[in-house]
1. Do we find that N103 is open to solvent by 90 Å² or more (accessible area, probe 1.4 Å), among the polar types (S, T, N, Q) and more than 21 Å from T123 (Cα to Cα) in this structure?
2. Here is a check on your reading of the model: is E53 open to solvent by 50 Å² or more (accessible area, probe 1.4 Å), in a strand (DSSP E or B) and touching a residue at least 60 places away in the same chain (Cβ under 8 Å)?
3. Conditions: (1) surrounded by fewer than 16 Cβ atoms within 10 Å (Cβ to Cβ); (2) acidic (D, E); (3) at pLDDT 95 or above. E65 meets all but one. Number of the miss?
4. List every residue pair whose Cβ atoms lie under 6 Å apart, where the two residues are 6 or more positions apart in sequence or sit on different chains, the first residue falls within region 31-42 and is surrounded by 14 or more Cβ atoms within 10 Å (Cβ to Cβ), and the second residue, located anywhere, is modelled with pLDDT under 95.
5. Taking D73 and the conditions (1) touching a helix residue (DSSP H, G or I) at 6+ places or on another chain (Cβ under 6 Å); (2) in a strand (DSSP E or B); (3) within 20 Å of R36 (Cα to Cα), which numbered condition does it fall short on, given that it satisfies the others?
6. Is one or more of the residues making up region 117-138 among the acidic types (D, E), at negative phi, modelled with pLDDT of 80 or more and surrounded by 15 or more Cβ atoms within 10 Å (Cβ to Cβ)?
Amino acid sequence: MADLTHLYESGFDTDKAADEAGPSGDFSPIPKGTYRVKVVSAETNTTKAGNGEMLKVRLDVLGPEHSGRVVFDDILIKHTSEEAQRIGRERFATLCRGAELANPKSTDLLVGKELDAFIKIETDEKYGDRNRVSFYSRVEPANGFVASPVGGGFNDDDVPF
């Protein structure tokens, strides 16, 4: 048994520490919706069953609401089930397109990228309600005009007058 009293000058109050934690101490799911997020980390890992590889992504919510909250996303990249692998790779493709990366060779290229994520709530039998990312999209400029990366250029049919 370890004595903790020497770690705290004036004692430790669990309730006070939780209150001071603010939003970061709240682990309840955020409401369903589209949020601006930033990729804080992205690492590969073997699945618990050992039958695949996944990308574990940590996303910090930037807004418009629930800024400072954290959402995690596990995306299958390789799996013994072709269907599971196909679905995982489709989700990974939306992450890459949202981050404006084509065929990234390293997870390091995802870190720091800002994108929009559509987040929903799903119920897990073991852990209860939790957030799940449905898909990602790139950040749209505030004025609604998007520069096309491939040909086309300006189309005056898009102007509302």
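1. On the way: open to solvent by 90 Å² or more (accessible area, probe 1.4 Å): yes; among the polar types (S, T, N, Q): yes; more than 21 Å from T123 (Cα to Cα): yes.
Spelling it out, N103 is indeed open to solvent by 90 Å² or more (accessible area, probe 1.4 Å), among the polar types (S, T, N, Q) and more than 21 Å from T123 (Cα to Cα).
2. Details: open to solvent by 50 Å² or more (accessible area, probe 1.4 Å): yes; in a strand (DSSP E or B): yes; touching a residue at least 60 places away in the same chain (Cβ under 8 Å): no.
No; evaluated as a whole, the condition is false for this residue.
3. (3)
4. R36/G63; A42/T107
5. (1)
6. Of region 117-138, the ones among the acidic types (D, E) are 122, 124-125, 129.
Pick out the ones that are also at negative phi and you get 122, 124-125, 129.
Next, from what is left, pick out any that are modelled with pLDDT of 80 or more: 122, 124-125, 129.
Still in the running and surrounded by 15 or more Cβ atoms within 10 Å (Cβ to Cβ): none.
No: region 117-138 contains no residue that is among the acidic types (D, E), at negative phi, modelled with pLDDT of 80 or more and surrounded by 15 or more Cβ atoms within 10 Å (Cβ to Cβ).
The values are calculated or read from the model by the stated rules, or taken from the named source; none is laboratory data. Bear in mind that the values here come from a model prediction, so they are computed numbers and not experimental data. In this analysis, Cβ positions are derived from the backbone assuming ideal geometry, glycine residues included, and neighbour counts consider all displayed protein chains. For accessibility, only protein heavy atoms count, side chains too; no ligands or nucleic acids. Shrake-Rupley method; radii C 1.70, N 1.55, O 1.52, S 1.80 Å.
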